[in-house]
1. Have a look at Leu53, Leu27, Leu62 and point out the one that is of a type in the set (A, V, I, L, M, F, W, C) and assigned to a loop (DSSP other than H, G, I, E, B).
2. Do you know which of the residues in segment 17-41 that are of a type in the set (Phe, Trp, Tyr) and open to solvent by 60 Å² or more (accessible area, probe 1.4 Å) is nearest to Lys87 (Cα to Cα)?
3. Can you tell me which residue in segment 48-61 is farthest from Val14 (Cα to Cα), limited to those that are touching a strand residue (DSSP E or B) at 6+ places or on another chain (Cβ under 7 Å) and surrounded by 15 or more Cβ atoms within 10 Å (Cβ to Cβ)?
4. For segment 72-93, does any single residue satisfy the condition of being part of a helix (DSSP H, G or I), open to solvent by less than 60 Å² (accessible area, probe 1.4 Å) and among the aromatic types (Phe, Trp, Tyr)?
Amino acid sequence: MESKFTGGLFGLIVNSILQILITVFTLGIGLPWAVCIKEKWVADHTIIDGRRLVFDGNGLQLFGNYIKWWFFCIITLGIYGFWLGIKMKQWIVKHTHLV
């Protein structure tokens, strides 16, 4: 059983710069698309037992959750924010598969 990651430093840097630009120029509205770009890159470069990971989520799907999560944060005066990391990870794992 062998797992490996095939991504390189240059790809990571380019990917990170793209994510930052998308998020900054859209004033945070593009964050769901930036997250999807990162997760797709990670999945595309991850091999587990000879099988590649595939991330099938997209920014529009995540955007709906993003708005819902911000709404819950506002009405709970930020308390819901403690669950955001877990909710995001659950969404990412739900959309990541082995092929």
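The values are calculated or read from the model by the stated rules, or taken from the named source; none is laboratory data. Just so we're clear, the structure is a prediction, and the values are computed from it rather than from any experiment. All Cβ positions, even for glycine, are placed from backbone atoms using ideal geometry, and neighbour counts span all protein chains on display. Remember, those area values only see protein heavy atoms, side chains included, never the ligands or the DNA or RNA. Shrake-Rupley method; radii C 1.70, N 1.55, O 1.52, S 1.80 Å.
1. Residue meeting the stated conditions: Leu27.
2. So the residue we want is Trp33.
3. Leu53
4. The first filter runs over segment 72-93 and keeps only residues part of a helix (DSSP H, G or I), leaving 72-75, 81-93.
Among the residues that remain, those that are also open to solvent by less than 60 Å² (accessible area, probe 1.4 Å) are: 73, 81, 84-85, 88, 91-92.
Of the ones still in play, those that are also among the aromatic types (Phe, Trp, Tyr) are 91.
For segment 72-93, residues part of a helix (DSSP H, G or I), open to solvent by less than 60 Å² (accessible area, probe 1.4 Å) and among the aromatic types (Phe, Trp, Tyr): present.
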